[in-house]
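K.L.:
Supplied in structure tokens, the structure appears directly below.
Computed from the coordinates by the stated procedures, all read-outs in this text should not be read as laboratory data. Here the structure is a predicted model, which is why all the values come from computation and not from measurement. Positions of Cβ are generated from backbone atoms using ideal geometry, with glycine treated the same way; all protein chains shown enter the neighbour counts.
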Amino acid sequence: MQTANASRPGSARRLLLAFLFLTACSAPSVAGAEDHVVEIANMAFSPAEIDVKVGDTVTFVNRDLVPHTATASGGEWDSGSIGAGDEWSVTIDKAGETDYVCTFHPAMTGVVRSD
Amino acid sequence: MKNKSFWSAIAIASMLSASPAAFAADAGLNDLQIAHIAYTAGQIDIGYAEIALKKTHDKDVRAFADTMLRDHAKVNDAALALLKKLNVAPEDNATSQSLETAAAAKRAELSALKGAAFDKAYVANEVAYHQLVNTTLDQTLIPETKNAELKALLTSALGIFTEHERHAETLEAEVK
């Protein structure tokens, strides 16, 4: 049936459009991932606690004058030094609750919860 | 420990021949003098950190000193960049000179110590010094600053130095 329809130029175009439409529609669910932003400003992570899905990305944006880190307390991930005005991203690949800290400024803490 | 911090603060304040709030209470400080005082205060803490990095064997004290060096250098770089943008130069003054005189004595005292005694003295001084600087920024320097950009910079700096003060207090409880 497809072959027969495809043999007609009009049908082929419709098939292509349908394919493109379905591809476009399915892209978000295939990629699925969201990017969450945590701002580092006034010596604090904001929001300090976020809920994400496995596969999502968390981007830390440093708006302070001084460098910071975003370092998972269990060693799962570590940004290293994020300079003033710079950012760093991590893709969360496991479900669970991860506490993190700025190793330069231990009073700065946050939590990423993923499921 | 708390008592020691308190007396250290009093001792530093005495060296400046004033209470903490009077650290820069000379009436009529202008913005260029305030910028000089803030810059000098930062350089002094960098000096203490440099001594600590030569002397300490404690990883937490070393990490703290690294942060003091890194953060105060960044804040002072930002201050210099702002002054350059405004095309003005910081103005030396009696308060900056008093700060530097007191700091020279403290550097000599710290340099004569080693091991755990050094760590304790360095951290206690960091608590007292940040208390003094932060109180002065909050109660005197920031309220007296006229230029909005300098005021914003000093306000950001106060947020950073307040975290330093808490960090030093936490460290003080650990360094025994």
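K.L.:
Which percent, to the nearest 5, of DSSP beta bridges fully inside the range A:35-114 are antiparallel?
P.N.:
Around 65 percent antiparallel, to the nearest 5.
K.L.:
Considering all alpha-carbon pairs of the range B:30-174, what whole percent are spaced by more than 26 angstrom?
P.N.:
When every Cα pair of the range B:30-174 is considered, 23 percent fall beyond 26 Å.
K.L.:
Also, quick follow-up: In terms of Cα to Cα distance under 27 Å, which lysines are near enough to A:K94, apart from those fewer than 8 places away along the same chain?
P.N.:
Within the straight-line limit of under 27 Å, A:K94 reaches these lysines: A:K53.
K.L.:
Okay, next question. Students often get this wrong, so check it: of B:K84/B:K120; B:K74/B:K146; B:K74/B:K120; B:K106/B:K146, which have C-alpha atoms separated by over 30 Å?
P.N.:
From B:K84/B:K120; B:K74/B:K146; B:K74/B:K120; B:K106/B:K146, over 30 Å: B:K84/B:K120; B:K106/B:K146.
K.L.:
While we're here: Please compute, for peptide B:158-167, the average count of beta-carbon atoms on other protein chains lying within 10 Å of each residue's beta-carbon.
P.N.:
4
K.L.:
Oh, and also: Based on alpha-carbon positions alone, could you give the equivalent ellipsoid semi-axes of the range A:48-106 from the gyration tensor, as √(5λ), descending, whole Å?
P.N.:
In descending order, the three semi-axes are 20, 13, 9 Å.
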